[in-house]
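Colleague: First the structure, which I've put down as C-alpha cells, then a few questions once you've had a look.
Rule-based calculations on the coordinates, nothing more; no lab input. Values in this document were obtained by computation on a predicted structure and should not be read as measured data. We place every Cβ from the backbone using ideal geometry, glycine too, and count neighbours over all the protein chains shown.
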Amino acid sequence: MMSTLHANSTPLMTTTFPSKSVCPPKRTLIRCSATKTPKHYNITLLPGDGIGPEVVSVAKNVLSLVGSRHGIEFGFQEMPVGGAALDLVGVPLPDETLSVAKQSDAILLGAIGGYKWDKNEKHLKPETGLLQLRAGLGVFANLRPATVLPQLVDSSTLKKEVAEGVDLMVVRELTGGIYFGQPRGFSTTEKGEEIGFNTEVYATYEIDRIARVAFETARKRCGKLCSVDKANVLEASMLWRKRVTLMASDYPDVELTHMYVDNAAMQLIRDPKQFDTIVTNNIFGDILSDEASMLTGSIGMLPSACLGESGPGLFEPIHGSAPDIAGQLGLFCLFYLILQDKANPLATVLSVAMLLRYGLQEEYAAITIESAVLDTLNNGFRTGDIFSSGKKLVGCKEIGEEVMKSVIKLFRNR
C-alpha cells in the first residue's frame, strides 16, 4: 500500500503533550503498512546492542499492555542485528533478519554499535547493518520530534525562557546523500598520501519524495517549513533548494523558508521556537536532530519513525547503544547514566507510540502511551539523565512499571 498522509480523527482521550497555542492540534499520519482485521499485528523486535535489549524489553511490555486495553493482539519475533548479529553469525544484518522484518507490520529497534566492534572493517561494523536495514526496508523519511515537555523544562541546558514551549519536527532524508553516495572509499594521491572520499549526491526523485513528506507534515502542524541546506557551496544542495522551492507551489498554505545548515545549527540554540518543521538531507538531519534533542534535556527522551512508500516502518529511539560505563566521559555518558538498570527507556516507549500512530494507524493506543508517559513524569519519577532535586530516582525497569501503572489508571478513570 502506498504511503498516505492524512489528519487523525478526534481522539478518545486528550493527550497532554504541549502544542503551540497558535496552531491547531493536528497530527500527521503516514500509512506504511496494511491495517488488518481482526486487530493482530506482527512486530519484529531488533534489540541490538548495549542498552538496546534493556529498553526494548520495557517498551514491549508497555505495548502489550496497551494493546490488551485496546483490543489489539501483538505477535513478537526477536531477531539479531548490529554487533549482536556479528557475534552470532558474523554479519551485521543477516538475510533472515531483513526477511522477517519485511514480512512484519512494524519493526522496533533498540540500539546498534559499541566499542567492541570499532576496529572491524567497514562492512563488518554494526552501523553498516543499520544502513543496510534502512535501505533494505526502503524507509527514506525519518521523523524526529523534539518537544520540551513542561515537566522536564528544567532539564534543558538552555535558559527556561528559551527552551519552554519548543515543539519541532525534523524530517530527515534517510537513504541517500553522503552516507550512500558513490564513489566512496580509500585511495592514494600522486604523492602516495592516503585519502578517504565520499560523495554527496541526490537525484530529483529522492528530494521530491522527502520534500512532499515534509510539506504534508508541516501542513498538519503549524504550516511552517524550513528547508536546511548548504546551497551556497554544494551542488547537491543547490538542486535540493531548487526542487523544494518548486514543490512549494503545491502547498500554498505552507510557509517555506530556507536556511544554511551552519546558521540552522546556531538558530536551534539561539531561538529554537522559530522552527516548526525542518526538512534536510541525511547528514545534516543526523547532526541537527541530535542537537535538537538536547534542547529537551536528554537524548534519552526522543523517539523517531522511519517510513517508506510501502511496507513496514522502522521505529527507534534516537540515542545510541551507550557503550560507555559510569566514570568514562564518552559521548553517550554525557547524556545519561547507562546499564545496570540505569538507562532511560522512555524514548523507546515513545517510539512505540509512533509505531502505533504512523505504522499501524492506531491513534488512540498511541495517545494512551503518550499520556501514560506524561502521567509518570507528573508523578515525579525520573531516570538518572532527567533527574532533578525533589524527584524520585528510579531505574529502567521501575520507570517502565510506572508507565504501565499509569496506563491502567487511565483506563480505570475513563
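Colleague: For labels at T245 and E309 in the simple 7 Å Cα→Cβ model, what's the distance in nm?
Modeller: 2.6 nm
Colleague: Going by amide H atoms built from the backbone, whose H comes under 5 Å of the H on T296, apart from near neighbours?
Modeller: Close amide H contacts, sequence-distant or interchain: none at all.
Colleague: For the chain, modelled as a Gaussian network with Cα springs under 10 Å, which listed residue fluctuates most, S310, S289, S389?
Modeller: Ranking S310, S289, S389 by mean-square fluctuation puts S389 first.
Colleague: Right, next: Give me the distance in nm between label points sitting 7 Å out from Cα along the Cα-to-Cβ direction at F411 and T188, one decimal.
Modeller: Distance between the two pseudo-spin positions: 6.7 nm.
Colleague: Using Cα pairs closer than 8 Å and at least 6 residues apart in sequence, work out the relative contact order for the chain, in percent.
Modeller: Details: 930 pairs, mean separation 91.9, N = 414.
Result for the chain is 22 percent.
Colleague: Can you sort M354, M301, M79 by how many other beta carbons sit within 10 Å, fewest first?
Modeller: M79, M354, M301
Colleague: Around N281, with a cut-off of 10 angstrom between Cβ atoms, what is the net charge of the other residues, counting Lys and Arg +1 and Asp and Glu -1?
Modeller: On the way: positive: R172, K230; negative: E173, E200, E206, D229, D286.
Residues near N281 contribute -3 overall.
Colleague: Also, quick follow-up: Hey, with R₀ at 45 Å, roughly what FRET efficiency would I195 and E398 work out to, going by the Cβ-Cβ distance, to 0.05? Intermediate results must be reported in sequence, preceding the final value.
Modeller: Values: r = 51 Å, r/R0 = 1.13.
The value I calculate is 0.35.
Colleague: Under a GNM of the chain (C-alpha, springs under 10 Å), which listed residue has the highest mean-square fluctuation: G165, G313, G196?
Modeller: Answer for the Gaussian network model of the chain: G196.
Colleague: Right, something else. What is the extension gain from I269 to E161, computed as 0.36 nm multiplied by their sequence separation minus the C-alpha to C-alpha distance, in nm to one decimal?
Modeller: On the way: separation 108, 0.36 × 108 = 38.88 nm, distance 1.21 nm.
The I269-E161 span can extend by a further 37.7 nm.
Colleague: Taking 0.36 nm per residue of separation and subtracting the Cα-Cα distance, what length does fully extending K391 through S68 add?
Modeller: Working: separation 323, 0.36 × 323 = 116.28 nm, distance 3.06 nm.
Extra length from K391 to S68 when fully extended: 113.2 nm.
Colleague: Run the helix sum for the chain: -39,500 (n - 2.57) per DSSP H stretch of 4+ residues, divided by residue count, reported at 222 nm to the nearest 500 deg cm²/dmol. Spell out each step's value before the answer.
Modeller: Numbers: 12 runs with 146 residues, N = 414.
For the chain, the value works out to -11000 deg cm²/dmol.
Colleague: In nm, to one decimal, how far is the modelled label at S99 from the one at E291, with both set 7 Å along Cα→Cβ?
Modeller: The modelled label-to-label distance comes out at 4.4 nm.
Colleague: Another question, if that's okay. Please check: in the Gaussian network model of the chain (C-alpha springs, under 10 Å), which one of I51, I207, I369 has the largest mean-square fluctuation.
Modeller: I207
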